[in-house]
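My questions will all concern the structure given below.
The values are calculated or read from the model by the stated rules, or taken from the named source; none is laboratory data. Since the structure is predicted, the reported quantities are computational estimates derived from the model, not experimental observations. Neighbour counts are summed over all protein chains in view; Cβ atoms, including those assigned to glycine, are modelled from backbone coordinates with ideal geometry.
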Amino acid sequence: MSVDAAPVDVTIVGGSYAGLSAALQLARARRSVVVVDSGARRNRFADTSHGFLSRDGEAPAVIAAHGREQLMAYPNVRFVEGMADTVSRGGANLIVSIQGEKIAARRLILATGVIDELPSLPGLQERWGRAVFHCPYCHGYELGQGRIGVLATGENSFHQAMMLPDWGPTTLFANDVFEPDAAQAAMLEARGVEIERQKVVALDGPKATLVLEGGRTVSLEGLFVASRTRMASGLPAALGCAFEEGPLGPFIRTNEAKETSVEGVYACGDAARSAGSVSHAVGDGVTAAVAAHKSLIFDVH
């Protein structure tokens with residue numbers, strides 16, 4: 001399919017919280033916007049979302065659906081369901097290909113998100129977002145100050161274990177992956193964190209019962225894992241966007257206006273920060289959209 005002669009103002013790849021937020025700002029500026037979305041939100045495994053003002057405790061899908069419903073009330077917005085395959089330059093425009101359709105735009109916002117890479121442990125994946133979490137601000141309060149575990153995945157697990165006692169009695173499961181040094185061990189002890197060195201071999205039970213080598217079990221209200229992340233889309237790399245290496249994985253490098261190293265391309269949400277949440281994603285979307293809009297007016301990048 002050929003590219004339409006008249007480009008839209010902005011194409012946004014990613015229709016979750018950051019992408020919807022960016023689209024809303026541009027729609028209200030009366031700019032033409034296309035949102036491309038594959039429908040795979042990072043928090044789709046969680047039953048509820050927390051910490052986002054006015055939507056605390058709602059299902060993630062409900063928040064996203066309500067945002068999309070409000071956005072689509074603007075006649076200058078088009079929503080395309082599907083995976084963006086490629087992006088290329090066409091003169092001054094950026095051309096996104098979605099399953100054969102090509103959309104040209106003057107600016108591009110990447111809200112493509114990340115994928116969590118979880119430890120290979122029987123029973124963990126199916127409890128992700130329900131009894132196994134990565135963010136205490138998102139899920140810690142609902143554990144009711146019950147017993148909490150941290151499954152070590154590396155040095156970042158020390159930071160996680162230091163934070164979690166504010167939400168409940170905490171045990172760090174070293175799991176042959178992380179051994180705190182003397183200073184770290186003293187800090188953990190001061191926070192009341194116990195260290196369990198018996199290896200975890202599986203998760204069982206309705207919540208997060210850890211099965212240790214030898215058969216001993218430890219029942220928890222919740223287990224936290226500092227998951228590694230990777231880009232959910234190959235578009236940022238294909239465009240030549242520069243990346244930063246964060247504590248949990250790479251993310252797209254942006255300036256304070258959320259512009260990437262590639263002219264005319266902006267990025268927001270989890271793909272463009274070292275750690276994220278729904279609230280962060282929504283704020284990032286606003287920043288990226290306002291910057292993209294100003295660049296259309298003043299023709300600056």
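Please specify each residue of the stretch 180-196 satisfying the condition of being surrounded by fewer than 12 Cβ atoms within 10 Å (Cβ to Cβ) and at negative phi.
Asp181, Ala182, Ala183, Ala186, Ala190
Select from the stretch 207-250 the residues that are of a type in the set (S, T, N, Q) and touching a residue at least 40 places away in the same chain (Cβ under 8 Å) and write down the one among them that is nearest to Thr112 (Cα to Cα).
Going through the qualifying residues, I end up with Ser233.
Spot the failing condition for Ala208; the list is (1) of a type outside the set (Lys, Arg); (2) at pLDDT below 95; (3) exposed (fewer than 13 other Cβ atoms within 10 Å of the Cβ), and only one is missed.
Of everything listed in (1) of a type outside the set (Lys, Arg); (2) at pLDDT below 95; (3) exposed (fewer than 13 other Cβ atoms within 10 Å of the Cβ), Ala208 misses just condition (3).
I've got another one for you. Kindly indicate whether any position in the stretch 115-124 is of a type outside the set (Lys, Arg) and in contact with an Asp or Glu (Cβ under 8 Å, 6 or more places away or on another chain).
Among the residues of the stretch 115-124, at least one is of a type outside the set (Lys, Arg) and in contact with an Asp or Glu (Cβ under 8 Å, 6 or more places away or on another chain), which makes the answer yes.
Consider Leu53 carefully, then state whether it is modelled with pLDDT of 95 or more and either within 21 Å of the chain's Cα centre (by Cα) or surrounded by 18 or more Cβ atoms within 10 Å (Cβ to Cβ) (or both).
It is false that Leu53 is modelled with pLDDT of 95 or more and either within 21 Å of the chain's Cα centre (by Cα) or surrounded by 18 or more Cβ atoms within 10 Å (Cβ to Cβ) (or both).
Quick one: Gly146 ticks every box in (1) at pLDDT 95 or above; (2) buried (at least 20 other Cβ atoms within 10 Å of the Cβ) except a single one, so which number is it?
(2)
Could you list, in sequence order, the residues of the stretch 101-122 that are of a type in the set (Gly, Ala, Ser) and surrounded by 18 or more Cβ atoms within 10 Å (Cβ to Cβ)?
Ala104, Ala105, Ala111, Gly113, listed by residue number.
May I ask you to verify whether Arg89 is under 23 Å from Ala291 (Cβ atoms) and either within 19 Å of the chain's Cα centre (by Cα) or free of Cβ contacts under 8 Å to residues at least 24 places away in the same chain (or both)? Talk me through it step by step, then tell me what you get.
Working: under 23 Å from Ala291 (Cβ atoms): yes; either within 19 Å of the chain's Cα centre (by Cα) or free of Cβ contacts under 8 Å to residues at least 24 places away in the same chain (or both): yes.
So Arg89 passes the test.
So, one more: Out of the residues in the stretch 59-100 meeting the condition of being among the acidic types (Asp, Glu) and in a strand (DSSP E or B), tell me which one is surrounded by the most Cβ atoms within 10 Å (Cβ to Cβ).
The selected residue is Asp85.
Of all the residues that make up the stretch 236-278, how many are within 22 Å of Leu24 (Cβ to Cβ) and surrounded by 17 or more Cβ atoms within 10 Å (Cβ to Cβ)?
18
Could you run through the stretch 149-179 and say how many residues are without any contact (Cβ under 8 Å) to a residue 24 or more places away in the chain and either crowded, with 19+ Cβ neighbours inside 10 Å or small (Gly, Ala, Ser) (or both)?
Of the residues in the stretch 149-179, 1 are without any contact (Cβ under 8 Å) to a residue 24 or more places away in the chain and either crowded, with 19+ Cβ neighbours inside 10 Å or small (Gly, Ala, Ser) (or both).
Also, quick follow-up: Is there a residue in the stretch 23-31 that is in the same structural domain as Ser277 (by TED's automatic domain parsing), among the charged types (D, E, K, R), crowded, with 17+ Cβ neighbours inside 10 Å and at pLDDT 95 or above? Walk me through it before giving the result.
Residues of the stretch 23-31 in the same structural domain as Ser277 (by TED's automatic domain parsing): 23-31.
After this cut, where a residue has to be among the charged types (D, E, K, R) as well, the list is 28, 30-31.
If we keep only those that are crowded, with 17+ Cβ neighbours inside 10 Å as well, we get 31.
Now restrict to residues that are at pLDDT 95 or above: 31.
Among the residues of the stretch 23-31, at least one is in the same structural domain as Ser277 (by TED's automatic domain parsing), among the charged types (D, E, K, R), crowded, with 17+ Cβ neighbours inside 10 Å and at pLDDT 95 or above, which makes the answer yes.
Still on this structure, please answer the following. (1) over 24 Å from Ala272 (Cα atoms); (2) in contact with a Lys or Arg (Cβ under 9 Å, 6 or more places away or on another chain): which one isn't true of Tyr17, the others all being true?
(1)
In this structure, is Pro180 under 14 Å from Arg197 (Cα atoms) and at pLDDT 95 or above?
Considered against the rule, which asks whether it is under 14 Å from Arg197 (Cα atoms) and at pLDDT 95 or above, Pro180 comes out as yes.
Quick one: would you say Ala186 is touching a helix residue (DSSP H, G or I) at 6+ places or on another chain (Cβ under 7 Å) and either touching a residue at least 24 places away in the same chain (Cβ under 8 Å) or of a type in the set (Gly, Ala, Ser) (or both)?
The answer is no for Ala186.
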